[in-house]
Amino acid sequence: MNLYDRNQKQRDFFNEKIDTYDQVHETFMGTKKMIAENLDEDTNKVLDLGAGTGLELIHLFEIYPNASVTVIDISEKMLNELSKRNFADRVTTICGDFFEINFGNNYDAVISTSALHHFKPEEKIILYKKVFDCLKNNGLFVNCDKISLSQEEQNRSIYELENNIDNYKHIDTPLTVENEMSILGQVGFNDISSSEVEKSNYRLIKARKKK
Ligand SMILES: C[S@@+](CC[C@H](N)C(=O)[O-])C[C@H]1O[C@@H](n2cnc3c(N)ncnc32)[C@H](O)[C@@H]1O
């Protein structure tokens, strides 16, 4: 299945999960809170990739009440839930696929959590180049996401994805931290760091655009 079709499957998956999504994800709010805690003090213009119902934005708006946030998400049902939050008037939502939508430019920060672990390394290069290009000089990318704990684990999940004959199963394909950081370096980021979070198979990765 090609990337476009896989992403449409993600859309169906998250649309179908809408009734239980917040209940499940509230169990690891710590990983979402960490996003805002790692931004620069003067952050204002933010792009959130895959914000879903907006759980990470609850804390972001507590710390940055005047932030202006753009969200790109492929699931209209997730975005509909976000639109009910009390900060929705400060959020511009764009419903579409990361690989199809223009990200815009001049962001202080691009953030993401639990949303980018479905892509192969060659796809991540394309995605992270878009992230790099849409940031201001000195802008920050903060991503707290699922990772593979070994190269074998990464290889196994990508093999499973590529051999998912009936295309039925939802398969996560997280990369290792080393591969994530290497790709960020390849597209031009500097000051790339990773830290452990409350979930053992998650990491918070930060990278800065410096020209
Ligand atoms: C697990 S949810 C995370 C939502 C939120 N960031 C959180 O942590 O609660 C992943 C989100 O990414 C979105 N997503 C997945 N693949 C996408 C793609 N290719 N383009 C845009 N959004 C995508 C899904 O629709 C979903 O809302």
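The values are calculated or read from the model by the stated rules, or taken from the named source; none is laboratory data. Since we're looking at a predicted model, the values are computed, not measured. Here Cβ is always computed from backbone atoms with ideal geometry, including for glycine, and neighbour counts include all displayed protein chains. Side chains included, ligands, DNA and RNA excluded: accessible areas come from the protein's heavy atoms. Shrake-Rupley method; radii C 1.70, N 1.55, O 1.52, S 1.80 Å.
Numbers at a glance
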{"read-out": "Residue in the stretch 76-87 that is within 27 Å of residue 177 (Cβ to Cβ), under 16 Å from the mean Cα position of the chain (by Cα) and of a type outside the set (D, E, K, R) present", "value": "yes"}
{"read-out": "Answer residue from the stretch 51-75, given it is surrounded by fewer than 24 Cβ atoms within 10 Å (Cβ to Cβ) and among the small types (Gly, Ala, Ser) and is nearest to residue 90 (Cα to Cα) among those", "value": "68"}
{"read-out": "Selection count where residues are assigned to a helix (DSSP H, G or I) and either within 21 Å of residue 19 (Cα to Cα) or not hydrophobic (A, V, I, L, M, F, W, C) (or both), scope the stretch 63-122", "value": "12"}
{"read-out": "Residues that are in contact with a Phe, Trp or Tyr (Cβ under 7 Å, 6 or more places away or on another chain) and more than 9 Å from the ligand (Cβ to nearest atom), drawn from the stretch 48-79", "value": "61, 67"}
{"read-out": "Out of 83, 75, 112, sole residue that is of a type in the set (S, T, N, Q), touching a residue at least 60 places away in the same chain (Cβ under 8 Å) and farther than 20 Å from residue 208 by Cα", "value": "75"}
{"read-out": "Single residue of the stretch 1-50 satisfying the filter (of a type in the set (Asp, Glu) and farther than 22 Å from residue 196 by Cβ) that is most open to solvent (accessible area, probe 1.4 Å)", "value": "41"}
{"read-out": "Residue selected from the stretch 105-120 under the condition open to solvent by less than 40 Å² (accessible area, probe 1.4 Å) and more than 12 Å from the ligand (Cβ to nearest atom), by the criterion nearest to the chain's Cα centre (by Cα)", "value": "110"}
